[in-house]
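The values are calculated or read from the model by the stated rules, or taken from the named source; none is laboratory data. What you see is a predicted model; the values in this text were computed from it and never measured. In this analysis, Cβ positions are derived from the backbone assuming ideal geometry, glycine residues included, and neighbour counts consider all displayed protein chains. All accessible areas refer to the heavy atoms of the entire protein, side chains included, with ligands and DNA or RNA removed. Shrake-Rupley method; radii C 1.70, N 1.55, O 1.52, S 1.80 Å.
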Amino acid sequence: MTSNGMHMNGSRPATFVPGGDVVCFGLLTHCLLLRVDELPEHNGGVPILDSMESLGDDAAIAASILSRWDVPTRLITSPTGNDSRGERVREHLDAWGVNVRQDIKDGWPTPFEVSIIDPDGGRTYFQRRDPESMAELRPPDSSQLNNAGLLYVDWYDGPSVVHAVRDAVSQDVPVYLNLESQYDGESWITDLIGESSICQVSLDVPEASGDPTDIARSLIDRGVKLAVVTLGADGCVVAQGEEAYLVRPPQVDVVDCNGAGAAFSAGIMYGLWAGWSLENIGRFAAAYAGLKCGISGLAEVPVSDVQETAASVEAQLLQI
């Protein structure tokens, strides 16, 4: 490996190329969050305690957080429509200082999501991600990956992600793949793992199962440089080589866990950009994701506050 983090002889690059920008790639979606104190019975209804607008996909959420933390970040995304949802999305990106070239299409319906937040902070969501919208998510060209230190993608953005990952690898840009529960999924997802330097797995969703240390070990055995497994209220496991930590989240009054996975990803990427140790990266990501769950909508928490919380969380050295 060369001193600037580039890889040689076909091996994957390190987890972050020093001095590079974070490039987040994914669909742009408007999200309406509705918080209730109980879910209704069939054909019934309940009062709304709170409502807010946000973004519905992880790449744009992570780009917003990193931009607010002054990390050089670029968002490569799909168009928005010339409609009220598109206008609200554009206002958000502008307010959070996201570096994005935003295309607006007349007569185009901006993709959207409605998320219902229950008393435990969990979400039930409804979304429109039609094939036409997905087709408008175009992989970055070579110029858009110039000076990139890391490419972040989500598995659920489909075929465009495959092309984006391959283009990044061809330019020696490390890839951060958010797998959610798909760590043992279809063959094309397995292929993506084989191209990625960082993989994030979520075990706090209904369809997920498995031992987090076993999952982390299996990802590292497949060549992943940094494996992270989120466990919801139980924290996370972060692993690199033979080193691994179980990090517990801070104690918060849970309000809204929507976007906690993206918040965790942003925390990991901030630590990589800052050049921290594995333990400190895990502490920071777990702390920020936990703090986010105590806040409705996107969590605008200064880095210094996250670091203060991170210093108090429990981190246990593991053998994997």
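Things worth noting here:
- Residue within the stretch 62-73 that is at pLDDT below 95, open to solvent by less than 80 Å² (accessible area, probe 1.4 Å) and either among the polar types (S, T, N, Q) or over 20 Å from the mean Cα position of the chain (by Cα) (or both) present: no
One line per residue, one yes/no per condition, for (1) among the hydrophobic types (A, V, I, L, M, F, W, C); (2) at negative phi; (3) surrounded by fewer than 18 Cβ atoms within 10 Å (Cβ to Cβ):
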residue: G275; (1), (2), (3): no, no, yes
residue: I281; (1), (2), (3): yes, yes, no
residue: A289; (1), (2), (3): yes, yes, no
residue: L298; (1), (2), (3): yes, yes, no
residue: D305; (1), (2), (3): no, yes, yes
residue: E308; (1), (2), (3): no, yes, yes
residue: A311; (1), (2), (3): yes, yes, yes
residue: L317; (1), (2), (3): yes, yes, yes
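- Here L137 meets the list (1) in contact with a strand residue (DSSP E or B) (Cβ under 9 Å, 6 or more places away or on another chain); (2) hydrophobic (A, V, I, L, M, F, W, C); (3) surrounded by fewer than 18 Cβ atoms within 10 Å (Cβ to Cβ); (4) modelled with pLDDT under 95 almost entirely, failing just condition (3).
- W108 meets the conditions (1) open to solvent by less than 10 Å² (accessible area, probe 1.4 Å); (2) part of a loop (DSSP other than H, G, I, E, B) in every case but one. The failed one is (1).
- The set of residues in the stretch 273-300 being assigned to a helix (DSSP H, G or I), within 14 Å of the chain's Cα centre (by Cα) and aliphatic (A, V, I, L, M) consists of A285, A286, A289.
- Tally, over the stretch 220-244, of residues that are farther than 20 Å from A262 by Cα and buried (at least 20 other Cβ atoms within 10 Å of the Cβ): 2
- Qualifying residue in the stretch 88-105 (condition: within 17 Å of the chain's Cα centre (by Cα) and open to solvent by less than 10 Å² (accessible area, probe 1.4 Å)): yes
- Qualifying residue in the stretch 38-51 (condition: within 20 Å of the chain's Cα centre (by Cα) and within 17 Å of E113 (Cα to Cα)): no
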